[in-house]
Protein chains: 2
Amino acid sequence: MEIKGSFYPFKRYSDNPILTKEDVPYPCNTVFNAAAIKFNNKYLLILRIEDQRGRSHLTLARSNDGYNFKVDEEIWAQPSEDPEYEPYERFGLEDPRVTMIDGTYYITYTAFGPYGPRVAISSTDDFREFNRICLATEVENKDAVLFPEKINGHYVMINRPTGGGSGAGSIWITYSPDLVHWGRSRAIMTPEPGWGGSKLGISTPPVRTDCGWLALYHGVRATASGRLYRIGALLLDLENPEKIIGYTPYFIFGPEYDYERIGDVPNVVFPCGLIVEDDGMIKMYYGAADTCIALAEGPLDELMKICQCGPTTC
Amino acid sequence: MEIKGSFYPFKRYSDNPILTKEDVPYPCNTVFNAAAIKFNNKYLLILRIEDQRGRSHLTLARSNDGYNFKVDEEIWAQPSEDPEYEPYERFGLEDPRVTMIDGTYYITYTAFGPYGPRVAISSTDDFREFNRICLATEVENKDAVLFPEKINGHYVMINRPTGGGSGAGSIWITYSPDLVHWGRSRAIMTPEPGWGGSKLGISTPPVRTDCGWLALYHGVRATASGRLYRIGALLLDLENPEKIIGYTPYFIFGPEYDYERIGDVPNVVFPCGLIVEDDGMIKMYYGAADTCIALAEGPLDELMKICQCGPTTC
């Protein structure tokens, strides 16, 4: 198998980064890992913005072309004081992902509180209301995405219980009849020595393709000077999403440019959303060095091909 | 509040320990943390037996009087090779608890595999069949008990996601419509500096009393030479079991005798089951030093009284 390295198939947008704290209309520290979706023919990012206390909230940014975004004046979601939620969001809402299911938009995010991180789910029909549904997991758990449709009658979520033992940092799948109660969880992908040897996590919500559910995942390597976050792709069976039918055993995108190498957390690329255009090009929005947001583009069919160069083909 | 210390209200049985590896009719390393219940007028313990590989399985022991137990010749439950369960039980089944709900006996236990520990649930009507229901949580999670009845239409479980941050080792509650899918989890008790400053976990399944659900919990203190496991009691609101209506802020039972101080894991008392007799006396069966099983007895009404000396009374 030919390994084409981290420039393939994604190409960075020439005016990266596309959003920095200078674009946020109120004081903040950083703007990074953002969910992405098209809504009413506009591009919409759900930004994680870290304030100067070091706590994160969610604010929307909108664009007509997918490149030039305007950040809302108002914060969209910040820690709830509802006794159902307090103190679980007290230290912030982080790393949102968004999935449309039957016309409603569901946001999975990390609720961070004194017990550690856990996965929360909210919904919106209009990107005005932010309707909390539940705190879906116990601690520690993060990096959750929902599938865009029920499979075998159940909602399906991928997440990452931190776990211990040799399986620390594995990607898991879990099922729910109602989005609130979750079970039948299984590990589907486990770190092996190499670029993702320390931990893995799903990055973007699965996209249905003829060949399987396509998603990006991140691999973390613990180095002598901190962690290195890079990106791979995987393909899950349409009927049985526990089954990995292809993946890139090498990373396909990693930090190389200054805005990815230098920042509050150096050497991080962290996509939380992608948009597939009608012409088959993917726009991948990613947090860079936990400090700004950048964009890279690549063809969906190429991404699927390199997934299928993995251990199996569909 | 008068603090009566660890001899009150439980008194050790004079012939402790009641079970050691000498009582097991096949080679093993240790026999310890056991679930306890009355079934067909016999006392029944579900033993955790560790084999000489260091892996645990479950075997039953039976008694007519609650003091003298005979261990079954046959193992009751060992790691399943069912692909639904493999590899999650590969390294053993640990620390069972048993609860009767509507005439069926449900066993919660720690399934231990390469991803870490997680909570599993099985059932039996006759203590012959061991019917696996599900792996109920992701990793890491252990020390789970089921309530003996549904509350507000849902099954209720207490467990302990290992968690991180300052809340590491808190006791949580979670709910299910079907025993398989769990949600609406919350932390209900968190370590504070003192005898349980390192972590807490529930010990015995809740017993319904007029005043609330009574259960024993364990507190762990990290010392310079290892962990020290001791026992408290708590009382939960009958209608809203998230609400602690009383607890012993001090430990009421801790390692003092040689068989509790000396063993594979020194300084551990670890009850997984108790039986309330018709005369109001409790038999508490506890693992001692992860090596043998011992028994202590005390009056239920006294235990409830000392719970109510806590921050609130019912």
Within region B:51-76, restricting to residues that are part of a strand (DSSP E or B) and closer than 20 Å to B:D290 by Cα, the one that is most open to solvent (accessible area, probe 1.4 Å) is B:K70
Per the filter on region B:93-116, residues within 14 Å of chain A (Cβ to nearest Cβ), part of a strand (DSSP E or B) and either touching a helix residue (DSSP H, G or I) at 6+ places or on another chain (Cβ under 6 Å) or free of Cβ contacts under 8 Å to residues at least 40 places away in the same chain (or both) are B:T110, B:A111, B:G113, B:G116
Among (1) buried (at least 20 other Cβ atoms within 10 Å of the Cβ); (2) over 21 Å from B:T204 (Cα atoms); (3) within 14 Å of chain A (Cβ to nearest Cβ), B:P79 falls short only on (3)
| request: Scan region A:195-212 and give yes if some residue there is crowded, with 17+ Cβ neighbours inside 10 Å, basic (K, R) and within 22 Å of A:T291 (Cβ to Cβ), otherwise no. | output: yes
Within region B:120-152, the residues that are within 12 Å of another protein chain (Cβ to nearest Cβ) and closer than 27 Å to B:L238 by Cβ are B:I121, B:I133, B:C134, B:A136, B:T137, B:N141, B:K142, B:A144
Note on region A:17-36: residues assigned to a strand (DSSP E or B), touching a Ser or Thr at 6+ places or on another chain (Cβ under 8 Å) and among the hydrophobic types (A, V, I, L, M, F, W, C) are A:V31, A:F32
In the set B:A222, B:A233, B:A187, the lone residue that is crowded, with 17+ Cβ neighbours inside 10 Å, more than 14 Å from chain A (Cβ to nearest Cβ) and not charged (D, E, K, R) is B:A233
Being within 15 Å of B:F130 (Cα to Cα), modelled with pLDDT of 95 or more and among the aromatic types (F, W, Y) narrows B:Y26, B:Y67, B:Y13, B:Y105 down to just B:Y105
Reported set for region B:12-42 where residues are touching a residue at least 40 places away in the same chain (Cβ under 8 Å), open to solvent by 30 Å² or more (accessible area, probe 1.4 Å) and among the hydroxyl-bearing types (S, T, Y) is B:Y13, B:T20, B:Y26
Next on the checklist: Tell me yes or no: at least one residue of region B:125-140 is under 18 Å from the mean Cα position of the chain (by Cα) and of a type in the set (K, R).
Outcome noted: no
Expected output for region B:60-87 (first residue farther than 30 Å from B:I282 by Cβ, partner in a loop (DSSP other than H, G, I, E, B) and of a type in the set (D, E, K, R), Cβ below 6 Å, 6+ apart or cross-chain) is B:P79/B:E89; B:P79/B:R90; B:S80/B:E89
Restricted to region B:113-162 and to residues being of a type in the set (S, T, N, Q) and open to solvent by 10 Å² or more (accessible area, probe 1.4 Å), the residue nearest to B:G212 (Cα to Cα) is B:N152
Every listed condition ((1) of a type outside the set (D, E); (2) open to solvent by 10 Å² or more (accessible area, probe 1.4 Å); (3) away from chain A (no Cβ under 11 Å)) holds for B:Y175 save (3)
Filtering region B:271-299 down to residues that are at negative phi and open to solvent by 30 Å² or more (accessible area, probe 1.4 Å) yields B:V276, B:D278, B:D279, B:M281, B:T291, B:E297, B:P299
In region A:247-265, residues that are over 16 Å from A:L200 (Cα atoms) and crowded, with 17+ Cβ neighbours inside 10 Å total 4
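The values are calculated or read from the model by the stated rules, or taken from the named source; none is laboratory data. Just so you know, these numbers come straight off a predicted model, no measurement behind them. Methodologically, a virtual Cβ is constructed for each residue, glycine included, from the backbone with ideal geometry; neighbour enumeration extends over all protein chains shown. SASA here: full protein model, heavy atoms, side chains in, ligands and nucleic acids out. Shrake-Rupley method; radii C 1.70, N 1.55, O 1.52, S 1.80 Å.
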